[in-house]
Amino acid sequence: MEGLLAVSLFVVSLFFSLVILSLWLRIALRYLRFSALHPLSQLIYKITNPMVNPIQRVTRQPYKPGQKYDIPAFITLILMELFKILSINYLGLNGRLPIGGIFLYVIADLIIQPCNILFYAILIRVIMSFVKPDWHGPMADFLRMLTEPLLKIGRKIVPDIAGFDFSPFIIMMILKVITLFISANLPWRML
């Protein structure tokens, strides 16, 4: 029975993690004003539209070209996060997590997930700069737009040393410290 519970927790967590990742990417695409004609944008919108469109109709927030914030996608993200924590609470903890704990985990996840996305985006960008320095394509464009504002901050903290840019490592370390600090201070270990 424990094996079935472990598998179901994994499947539920994986499903919600993928859905939440796609919603974060949608929010980032809109915020960065990434072209809606770009193949990556079309993929993300095709995946997330079935979830976001009902919320968009309920909130009466139609899409306006040039709009920087995707409020219906953010509301959907919060709802998906709440469903994820509730599902894991009832599967893994038999509903023992109090309401305050549920909201605490939702808020913690809403901070941890973008930090993790940015961490891995920078990591991919660093690896690709060593493997293929002239890497171009839809994913490279998006990663560049997503990570460059943080890397500029990192370059202000530590400028180039002998032509080597340490900013990715500084920013990755800061992002990991944030996620580890929040995770270590959560009262229940379930995620």
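The values are calculated or read from the model by the stated rules, or taken from the named source; none is laboratory data. If you're wondering where the values come from, they're calculated on a predicted model, not measured in any experiment. Quick reminder, even Gly has a Cβ in these numbers, built from the backbone with ideal geometry, and neighbours come from all protein chains shown. In case anyone asks, the SASA skips ligands and DNA or RNA and just uses the protein heavy atoms, side chains included. Shrake-Rupley method; radii C 1.70, N 1.55, O 1.52, S 1.80 Å.
Cross-link partners among aspartates and glutamates for LYS132, C-alpha distance below 20 Å, same-chain residues fewer than 8 apart left out? Partners within reach: ASP141, GLU148, ASP165. Residue by residue, segment 128-138 carries 3J(HN,Hα) couplings of 5, 5, 7, 6, 9, x, 9, 5, 10, x, x Hz when phi is fed to the Karplus relation 6.51 cos²θ - 1.76 cosθ + 1.60 (θ = phi - 60°); x denotes Gly or Pro.
Note that segment 1-96 carries a Kirkwood radius of 14.6 Å, evaluated over its alpha carbons pair by pair. Cross-link partners of LYS176 among lysines, defined as those whose alpha carbon lies under 23 angstrom from its own and excluding same-chain residues fewer than eight positions apart: LYS84, LYS152, LYS156.
Net charge near LYS68: determine it from the other residues with C-beta under 14 Å of the C-beta of LYS68, scoring Lys and Arg +1 and Asp and Glu -1.
Numbers: positive: ARG26, ARG30, ARG33, LYS64; negative: ASP70.
Cβ neighbours under 14 Å give a net charge of +3.
Between the C-alpha center of segment 28-45 and that of segment 51-123 there is a gap of 19 Å.
Angle, helix 71-92 long axis vs. longest principal axis of the chain, Cα atoms, 0 to 90°, nearest 10? With both axes taken from Cα atoms, the answer is about 50 degrees. Accessible surface for the chain, divided over its residues, is 60 Å² per residue with a 1.4 Å probe. Set the Förster radius R0 to 30 Å, insert the Cβ-Cβ distance between PHE166 and LEU4 as r into 1/(1 + (r/R0)^6), and round the FRET efficiency to 0.05. That gives a FRET efficiency of 0.05.
For the chain, what is the relative contact order in percent, using Cα pairs closer than 8 Å and at least 6 residues apart in sequence? Display every interim value, and only then the final one.
Working: 157 pairs, mean separation 40.6, N = 191.
Dividing the mean separation by the residue count of the chain yields 21 percent.
Site pair ILE182 and LYS156 shows an inter-label distance of 2.2 nm when each label is modelled 7 Å from Cα along Cα→Cβ.
Take each of the peptides 160-168, 143-151, average the number of other beta-carbon atoms within 10 Å over its residues, and list them starting from the highest.
143-151, 160-168
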